[in-house]
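Single-structure report; data block below.
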Amino acid sequence: MKHWLIGDVQGCFSTLEALLETINFNPSIDRISFAGDLINRGENDQGVMEWVLEHRHCVDTVLGNHDLHFLAQKLCHRIPSGKETYADIFASELADNFAQWLLTQPLVKQLDHNAILCHAGIPHIWSIDDCRKYASELERTITGPHRSNFFRHMYGNQPNHWDAKHTGIGRLRAITNYLTRMRYITQSGVLEFKCADLIGPSDTRFKPWFSFPRQDQTKVFFGHWAALEGQSRYEFAVALDGGCVWGGKMIAHEWRTGERVSISRV
């Protein structure tokens with residue numbers, strides 16, 4: 001039995017199929033946890049949705065920013081702008097069922113006592129216990145009676161720092177941004193949202209989130225940052241997004257053994 005972690009798929013279903021064949025995935029004994037952003041921007045969101053729902057007995061995911069965007073449109077009855085590649089199947093029963101499945105998925109997944117999976121990463125200013133607590137807070141909101149209000153106000157860059165005294169929508173937005181959008185951050189925990197390359201912001205106070213040492217020994221598996229091409233250069237931070245949707249690779253990582261397989265976009 002193997003437990004594979006797979007980076008951002010983003011609708012690249014042909015590549016996902018090829019990767020599953022390469023790792024000899026056996027749904028009767030193996031398991032897959034995705035790093036989020038299952039759909040949008042690739043060539044076949046429908047194929048990804050169908051495959052995931054068919055294999056839900058052995059598949060789970062952490063929620064990424066594209067997954068939350070899809071849920072926001074679904075739950076707030078917003079029509080896709082046309083930029084989303086799932087626009088043509090948005091009103092289908094398949095998309096409804098996929099949204100309901102996403103609502104059962106977490107923001108972070110504890111793999112064991114010293115390994116965790118999250119879409120964007122975990123800021124050094126949070127302990128793992130803090131992270132799990134804040135993620136649970138957001139998960140309760142997403143599945144609760146006031147979720148439509150949250151999704152209507154989810155978008156935005158403020159507050160761009162963490163304060164335990166944050167309340168309401170601002171607090172929930174900050175949690176969302178740390179867990180699903182974070183790349184560059186300062187020592188004090190201020191987020192920067194514009195830069196996605198490896199050159200970094202002109203303000204040198206901002207560093208990749210994983211460049212700040214953690215006080216614990218937890219290994220953090222994460223996706224989201226395509227420009228890293230699956231390499232963080234830090235042992236505790238294992239990058240899973242190979243930039244497949246941008247012409248890069250899709251990565252599968254067996255988190256217990258360290259076995260790693262990547263294939264170019266098909």
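Side notes on the structure shown:
- Residues of the stretch 181-198 satisfying the condition of being surrounded by fewer than 18 Cβ atoms within 10 Å (Cβ to Cβ) and aromatic (Phe, Trp, Tyr): PHE193
- Which numbered condition ARG56 misses (of (1) among the basic types (Lys, Arg); (2) closer than 18 Å to MET154 by Cβ; (3) not in a helix (DSSP H, G or I)): (2)
- Some residue of the stretch 81-95 being part of a loop (DSSP other than H, G, I, E, B), touching a Ser or Thr at 6+ places or on another chain (Cβ under 8 Å) and touching a residue at least 60 places away in the same chain (Cβ under 8 Å): no
- Of all the criteria given as (1) over 19 Å from the mean Cα position of the chain (by Cα); (2) surrounded by fewer than 20 Cβ atoms within 10 Å (Cβ to Cβ); (3) in contact (Cβ under 8 Å) with a residue 24 or more places away in the chain, the one not satisfied by TRP162 is (2).
- Residue tally, condition in a loop (DSSP other than H, G, I, E, B), hydrophobic (A, V, I, L, M, F, W, C) and either more than 19 Å from LEU71 (Cβ to Cβ) or out of contact with any His (no Cβ under 9 Å at 6 or more places or on another chain) (or both), over the stretch 101-120: 1
- Taken together, PRO201, PRO208, PRO213 contain a single residue that is surrounded by fewer than 23 Cβ atoms within 10 Å (Cβ to Cβ) and at pLDDT below 95, which is PRO213.
- Just one residue in the set PHE34, PHE25 is closer than 21 Å to GLY230 by Cβ and in contact with a Ser or Thr (Cβ under 8 Å, 6 or more places away or on another chain); that residue is PHE34.
- Any hit, the stretch 168-181, residues being closer than 17 Å to GLY7 by Cα and either acidic (Asp, Glu) or not in a loop (DSSP other than H, G, I, E, B) (or both): yes
- Qualifying residue in the stretch 63-77 (condition: outside any helix (DSSP H, G or I) and at pLDDT below 95): yes
The values are calculated or read from the model by the stated rules, or taken from the named source; none is laboratory data. None of the values given here were measured: they were computed from a predicted structure. When we count neighbours, we look across all protein chains shown, and the Cβ atoms used for this are built from the backbone with ideal geometry, even at glycine.
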